[in-house]
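Below: one structure, written as structure tokens.
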Amino acid sequence: MDPTPQLLAAQHFLLICAVVLGAGAVLAYLADHFRVPDVALFLVAGLGLGPSGAGLVDIAAASTANQLIVLFGAAYILFDGGALMRLRVLKNVWLTVVLLATIGVVVTTAVVGAAIHLVFGLPLVVAFLAGSVVASTDPATLVPVFRQVIVRLRLEQTVIAESACNDAVGAALTFALLLMTEGGEVTAFQAGLSFLWQSLVGVIVGAVAGYSICVAIAHEKLSFLRENLPLATLLVVAAAVLAADHYQASGFMAVFVAGIVVGNKRIFGFAIAADEERQMGDFIATTGLIMRMFIFILLGAQTDLDLLGQHALPAAGIALVLMFIARPLAVILCATPDRRASWTWREMLFLCWTRETGVIPAALATMLVGARAPHADIIAAVTFMAVLSTIVIQATTTPWLARRLQVLEDEEYTW
């Protein structure tokens, strides 16, 4: 009996998964061996494996499979980012984190959006949409960097916390601006209200989901998922995204907040054994790595090389604006008012340089391509160059800069 079209499609998708996982595993090993961010290798590999290269990975951006991978993958990575946050460590720098994750995202969106408008001639609202896509940073890239160089704890936690927070805020802002591009029927005021609704309701949904899963894994009598901790992480991510979507809120914000609650469950009166904690942490790290493989290899595979070549130079210019103008301006405006943190000029400079673009911008760009948003091809090209430029230039030089600025943890420092 001849195989059905459905079976052939399933076999083809399974082949793609095998290629992504096989290539990703090799590249992750090489990245760890040579101490470079793995996402840069995934991105370049996607170009070689996609239709413009070997043709082994050819999932259409608008396909259900692609949207599912990107949506759940980005959500799970945000959950991981939230779980990395330590609220006790952030008590003296919370104002900087909040300002960078909110005002900083808006400032970056405005500066980069204005540059895109001038360079590419896109309508202003579309240019701001593109700016919002690349405005957030990436905990998935920053965490491996901080494993290579141990900087002051409050500095490390500020950067990681900001990157996790601004991912959720950047995603909510992107979808709010996307509404304004749909025929001009939504005003800026309405988009602003949508952004606030998505963010605030997302926080509430995430807090409820995170607390509920803590009960399920750590309550003295109700912990029916204690023996299945990996399952619990998958369940809370799916539940938070779906619940937030039901209330037209940001699923990304919801999973991020859920991650914060789960990662800081002891503060809320929950605790699990140390070996169970390690088991859950190992599963989250492995699953997050798999999601990074798929998101970045798919982004590279779905990038039009002809279009990228056409826009490579101006897109690289936008990446430089992002690194050398937008980021320093955001840090100055957001960190200077935090008198309690008392940031030194060395720490401020380190904050200015440490802002790699990564998973969530890549996922958002892929979603916009799949949704056929206006000028999504240019947005994808700009995102590709921003991810590649910031990771290759900034992530690889961060350890060197930390030593030059003398912000390592082993230095004598009180706060």
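A few notes on this one:
- If you filter region 260-301 down to residues that are under 16 Å from Val70 (Cβ atoms) and among the β-branched types (Val, Ile, Thr), you find that the one that is surrounded by the most Cβ atoms within 10 Å (Cβ to Cβ) is Ile297.
- Any hit, region 201-217, residues being among the hydrophobic types (A, V, I, L, M, F, W, C), open to solvent by 40 Å² or more (accessible area, probe 1.4 Å), within 29 Å of Ala130 (Cβ to Cβ) and out of contact with any Leu (no Cβ under 9 Å at 6 or more places or on another chain): yes
- Options Val112, Val105, Val93, Val151; residue that is under 15 Å from the mean Cα position of the chain (by Cα), in contact (Cβ under 8 Å) with a residue 60 or more places away in the chain and buried (at least 21 other Cβ atoms within 10 Å of the Cβ): Val105
- Residues satisfying the stated conditions in region 49-79, i.e. open to solvent by 40 Å² or more (accessible area, probe 1.4 Å) and not in a loop (DSSP other than H, G, I, E, B): Thr64, Gln67, Leu68, Leu71, Phe72
- Answer residue from region 264-315, given it is over 15 Å from Asp38 (Cβ atoms), touching a Leu at 6+ places or on another chain (Cβ under 9 Å) and among the small types (Gly, Ala, Ser) and is modelled with the highest pLDDT among those: Ala315
- Residue among Leu84, Leu14 that is open to solvent by 20 Å² or more (accessible area, probe 1.4 Å), in contact with a Pro (Cβ under 8 Å, 6 or more places away or on another chain) and of a type in the set (A, V, I, L, M): Leu84
- Ala254 open to solvent by 30 Å² or more (accessible area, probe 1.4 Å), within 26 Å of Arg88 (Cα to Cα), without any contact (Cβ under 8 Å) to a residue 60 or more places away in the chain and touching a helix residue (DSSP H, G or I) at 6+ places or on another chain (Cβ under 6 Å): no
- Residue selected from region 347-365 under the condition under 13 Å from the mean Cα position of the chain (by Cα) and part of a helix (DSSP H, G or I), by the criterion modelled with the lowest pLDDT: Val359
- Contacts under 7 angstrom Cβ, first residue in region 222-249 being free of Cβ contacts under 8 Å to residues at least 40 places away in the same chain and on the phi < 0 side of the Ramachandran plot, partner open to solvent by 60 Å² or more (accessible area, probe 1.4 Å) and of a type in the set (A, V, I, L, M), 6 or more apart: Leu225/Leu231
- Selection status of Arg340, of a type outside the set (Gly, Ala, Ser), outside any loop (DSSP other than H, G, I, E, B) and either open to solvent by less than 30 Å² (accessible area, probe 1.4 Å) or under 30 Å from Ala110 (Cα atoms) (or both): no
- Some residue of region 89-101 being assigned to a loop (DSSP other than H, G, I, E, B) and either of a type outside the set (Ser, Thr, Tyr) or modelled with pLDDT under 90 (or both): yes
- Asp38 being at pLDDT 85 or above and of a type in the set (D, E, K, R): no
- When residues of region 236-247 are limited to those that are touching a helix residue (DSSP H, G or I) at 6+ places or on another chain (Cβ under 7 Å) and open to solvent by 10 Å² or more (accessible area, probe 1.4 Å), the one farthest from Gly202 (Cα to Cα): Ala239
- Out of Ala239, Ala232, Ala176, one residue alone is closer than 30 Å to Val107 by Cα, part of a helix (DSSP H, G or I) and among the aliphatic types (A, V, I, L, M). It is Ala176.
The values are calculated or read from the model by the stated rules, or taken from the named source; none is laboratory data. Just so you know, these numbers come straight off a predicted model, no measurement behind them. As a convention, Cβ positions derive from the backbone with ideal geometry for all residues, glycine included, and neighbour counts pool all protein chains shown. For the accessible areas, the whole protein counts, side chains as well, though only heavy atoms, and no ligand, DNA or RNA atoms are used. Shrake-Rupley method; radii C 1.70, N 1.55, O 1.52, S 1.80 Å.
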